[in-house]
Amino acid sequence: MARTRDIPDALITALRDARHVCILTGAGVSAESGVPTFRDAQEGLWANYDAQALATPEAFLADPALVWRWYRWRRDLVSEAMPNPGHYSIAKLAGLLPRVTLITQNVDSLHQRAGSTGVIEFHGNLFDDRCASCDTPTTADDTVDIPVCPDCGGNLRPGVVWFGEGIPEAALRNSSAAAVSCDVFLSVGTSSTVYPAAGLADLARDNAATIVEINPNPTMHAGSFDFVIAGKSGVVFPELIELLDV
Ligand code: APR
């Protein structure tokens, strides 16, 4: 577990001097809220299903009712979860620094519920629905197995980005712009295995930003970061706030 002495003074100085800090978060930031990551084994009802195989356009085409059941279960799980100290401290950081851009791969809205604003949702939002045929955003009828589009009659689908799908254009544009213009880039709670999100740290480094990984299990990319803080986001961020807020 990270303690204050694990956060180098040079990182605090870089954060104090930064005009723009960019934070990319992944599933690890919500782990302390009890939200399982895609790469965790699923529990209970869904123990025999592979989450990565359910979150695909192919799975939805093959069995939309099954995919809807899984997403409704996830919505219930996330609705009952609460933001953790990592989410709250990241929201607080925005008030301590001149400019913070928060990009999340998470679809659970926990950053927003902790008070973060202007969050760039790289993989969409678990609570949005849209038509799988005509793309119109709408609200699905939760009382039917496979909700349909009021405009075209096509099947509605959860508005998240599935494996193999493109990133929403504005999210990709705004994230890339933030990565190339920031002075410090924090990569938090992500395995850095899913692109293009994982490439944002490279973009930042190539544009002379200080890049930092915060993860209790440093990733295979740890060697390319300027600082690696091996701790949980719910522990490291409150400490960062304490060190900065003086
Ligand atoms: N604090 C910080 N990091 C943590 C914590 C914690 N408390 N607990 C776990 N982690 C780290 C793990 O060590 C792991 O490296 O979080 C990372 C989670 O990795 P993934 O499950 O691969 O999540 P993520 O990187 O967000 O996945 C990217 O892939 O599953 C798809 O679309 C989904 O957005 C997701 C994307």
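The values are calculated or read from the model by the stated rules, or taken from the named source; none is laboratory data. From a predicted model like this one, the values you see are computed outputs, not experimental measurements. Don't worry about glycine lacking a Cβ; one is built from the backbone with ideal geometry, like all the others, and counts go over all protein chains shown. Only protein heavy atoms, including side chains, enter the accessible area calculation; ligands, DNA and RNA are left aside. Shrake-Rupley method; radii C 1.70, N 1.55, O 1.52, S 1.80 Å.
Just a few scattered comments:
- The length gained on full extension between residue 195 and residue 20, counted as 0.36 nm times the residue separation minus their Cα-Cα distance, comes to 60.7 nm.
- DSSP-defined beta bridges in the chain - what % are antiparallel, rounded to 5: 25
- FRET efficiency for the residue 49 to residue 146 pair, using the beta carbon distance and R₀ = 25 Å, is estimated at 0.90.
- In the stretch 69-118, the trypsin sites (Lys or Arg not before Pro) that fall in loop regions by DSSP, at most 15 other Cβ within 10 Å: 99
- Cβ-derived FRET efficiency at R0 51 Å, residue 117 paired with residue 66, nearest 0.05: 0.90
- Dipole of the chain [Lys/Arg +1, Asp/Glu -1 at C-beta], most positive-end residue of 172, 155, 83: 83
- Using only side-chain charges placed at the Cβ, +1 for Lys and Arg and -1 for Asp and Glu, the dipole size of the chain relative to its Cα centre rounds to 480 debye.
- Calculated mean residue ellipticity, 222 nm, the chain: -10000 deg cm²/dmol, from DSSP H runs (n ≥ 4) at -39500 (n - 2.57) each, averaged per residue and rounded to 500.
- C-alpha long axis of helix 64-80 to longest principal axis of the chain, angle in °: 40
- Note on residue 228: accessible area is roughly 60 Å² with a 1.4 Å probe, heavy atoms of protein only.
- Taking chymotrypsin sites (Phe, Trp or Tyr not before Pro) as exposed when DSSP calls them loop and at most 16 other C-beta atoms lie within 10 angstrom, the chain has its longest site-free stretch at 50-162.
- Segment residue 245-residue 217, extension gain: residue separation times 0.36 nm, minus the distance between their alpha carbons: 7.4 nm
- For the stretch 142-246, the share of accessible area belonging to carbon and sulfur comes to 53 percent (1.4 Å probe, ligands and nucleic acids excluded).
- Solvent-accessible area per residue for the chain (1.4 angstrom probe, square angstrom): 47
- Along principal axes, Cα extents of the chain, largest first, whole Å: 57, 36, 31
- Subtracting the Cα-Cα distance of residue 173 and residue 139 from their residue separation scaled by 0.36 nm leaves 9.6 nm.
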